[in-house]
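Here's the structure we're looking at; comments come further down.
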Amino acid sequence: MVSQSSLRSLVLLVLCAGMTACAGAPVQEMSNARQAIKAAREAAGPSTSAPASLIEAETLLNRAESNLQKRAYKQARRDAIAARGKAAEALSSTRTADDRNGAS
């Protein structure tokens, strides 16, 4: 049978591991945001002005990068996730506009 102290130690270890994982740099989130922004930028094309949501996405990504340098990982993660969402919104609006204009 597992003793009380062993069980407490195990729970403490799991909690510490979980907190460490949350506190790490948001590498994947930053990558996802960059890729989403790139896709939205390519879909918008050079001849059209960028949708407002794409500009917001780029602003959020810049803020995330600044927070990353400051080791403010929690805020960097939030900004990167928000940037990805805004980029997806921009991509969707670009595709909708293309559909309305008959482009493929």
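The values are calculated or read from the model by the stated rules, or taken from the named source; none is laboratory data. Remember, it's a predicted structure, so these values are computed and weren't measured experimentally. Every residue, glycine among them, receives a Cβ derived from its backbone with ideal geometry; neighbour counts consider all protein chains shown.
From the list Arg77, Arg63, Arg71, exactly one residue is under 27 Å from Gly24 (Cα atoms), more than 11 Å from the chain's Cα centre (by Cα) and surrounded by 17 or more Cβ atoms within 10 Å (Cβ to Cβ). Which is it?
Unique residue meeting the criteria: Arg63.
Might you check whether a residue that is buried (at least 22 other Cβ atoms within 10 Å of the Cβ), modelled with pLDDT of 95 or more and part of a helix (DSSP H, G or I) occurs anywhere in segment 87-96? Yes. Just to be sure, is Glu56 among the charged types (D, E, K, R), modelled with pLDDT of 70 or more and touching a helix residue (DSSP H, G or I) at 6+ places or on another chain (Cβ under 7 Å)? The answer is yes for Glu56. Before we move on, is Ser49 among the small types (Gly, Ala, Ser), in a loop (DSSP other than H, G, I, E, B) and surrounded by fewer than 16 Cβ atoms within 10 Å (Cβ to Cβ)? Yes, satisfied. Give the residue that is modelled with the highest pLDDT, with candidates limited to residues of segment 1-40 that are over 19 Å from the mean Cα position of the chain (by Cα) and not in a helix (DSSP H, G or I). Checking each candidate, the answer is Ser3.
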